[in-house]
Amino acid sequence: MQTRTLGTTGPAVSALGLGAMGMSGAYGEADRAESIATVHAALETGVTLIDTGDFYAMGHNELLIAESLRGRDRDGYQLSVKFGMMRGPGPEFGGMDGRPEAVKNFLAYSLTRLGTDHIDIYRPARLDPAIPIEETVGAIKEMIDAGYVRHLGLSEVDAATIRRAHAVHPVADLQIEYSLISRAVEADILPTLRELGIGLTAYGVLSRGLISGHWSVGHTAGPGDSRGFSPRFSSGNVEHNLALVEALRQVADAKGCTVAQLAIAWVAAQGDDIVPLVGARTRERLAEALPAMDLILTADDLADIEKAVPPGAARGDRYPSAFMSGLGAGN
């Protein structure tokens, strides 16, 4: 497994990271044993960056990751943790809490659930509009100084917020959605990151499976699957978006790879400062994703991919309208 360094101040991590959200029910019921086996398989193949959030099934995901990592050398992997998203006992979300005292409280719970004495990259999941980012980042800086956190990360914030946070403490990376059909980051955010020496960890590289090559017209989201509320999967939009996938499949076939591998490789090819995260819930999906990091895309390949899926070609927002206002970039 290749490695990439997150910005000028962040850690060296595997060039492909594992996003664990789907292991805790975001896309319907997951198999616990298979999830743990997938984490083990990822580690054994050199994947060291594991991304989770304290609000993924209200702590379930952190406990699952802790179980998966028990007995492993703590220096052999990096934990990226998002915090601050408020939840209720049902499916509802209650906004963000970025107060300094809340930051420390969230961190204490995450350290306990994860069974570790430090978190490698700690980041607010979204911007709290009621709390200046300087205050939230200042609290994380205190936790870095105290040894509980190694690096500061951000998630889904705009260029201006990145600059304000970076002025308080160096930011290692921004986590944000970036894929062939989610390219808003390219306008202002990615240039800002590169100016400041900040890395990017890209989630949603397969757009929640939409551009994986495994979703088909007529397929419906099952119980508990958040894709049932996603505009890009809705009737009318999904048919258009899957037509883009079929165009991409022609490029993949000519390249001798799968659609998913091509989509992951495209994100990785946008710069050595970018680390794609794959939300593999099974060893099968992980095994499919891994060869993408060895896939070399030529200028002609990239041109063919752009022709198949031009910027802005997808239909539908990447989140339901209620969540779009809290994002640092649009589609």
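When we screen Ala280, Ala265, Ala287 for residues that are assigned to a helix (DSSP H, G or I) and crowded, with 19+ Cβ neighbours inside 10 Å, the only hit is Ala265.
Considered as a group, the residues in the stretch 134-160 that are open to solvent by less than 10 Å² (accessible area, probe 1.4 Å) and in contact with a helix residue (DSSP H, G or I) (Cβ under 8 Å, 6 or more places away or on another chain) include one that is nearest to Leu79 (Cα to Cα), and that residue is Val149.
State whether the residues of the stretch 194-206 include one that is part of a loop (DSSP other than H, G, I, E, B) and at pLDDT 95 or above. Looking through the stretch 194-206, at least one residue is part of a loop (DSSP other than H, G, I, E, B) and at pLDDT 95 or above. The residues of the stretch 4-15 that are outside any loop (DSSP other than H, G, I, E, B) and in contact (Cβ under 8 Å) with a residue 40 or more places away in the chain, listed by number, are Arg4, Thr5, Val13, Ser14. Pairing each residue of the stretch 100-117 that is on the phi < 0 side of the Ramachandran plot with any residue that is open to solvent by 80 Å² or more (accessible area, probe 1.4 Å), provided the two are 6+ apart or on different chains, yields C-beta distances under 6 Å for Pro100/Glu135; Arg113/Leu63. Total residues in the stretch 161-182 satisfying the condition of being out of contact with any helix residue (DSSP H, G or I) (no Cβ under 9 Å at 6 or more places or on another chain) and open to solvent by 40 Å² or more (accessible area, probe 1.4 Å): the figure is 0. The residue that is surrounded by the fewest Cβ atoms within 10 Å (Cβ to Cβ), counting only those in the stretch 297-325 that are modelled with pLDDT under 60 and assigned to a loop (DSSP other than H, G, I, E, B), is Ser325.
The values are calculated or read from the model by the stated rules, or taken from the named source; none is laboratory data. Here the structure is a predicted model, which is why all the values come from computation and not from measurement. Positions of Cβ are backbone-derived with ideal geometry, glycine not excepted, and every protein chain shown enters the neighbour counts. Areas reflect the complete protein model, heavy atoms only, side chains present, ligands, DNA and RNA absent. Shrake-Rupley method; radii C 1.70, N 1.55, O 1.52, S 1.80 Å.
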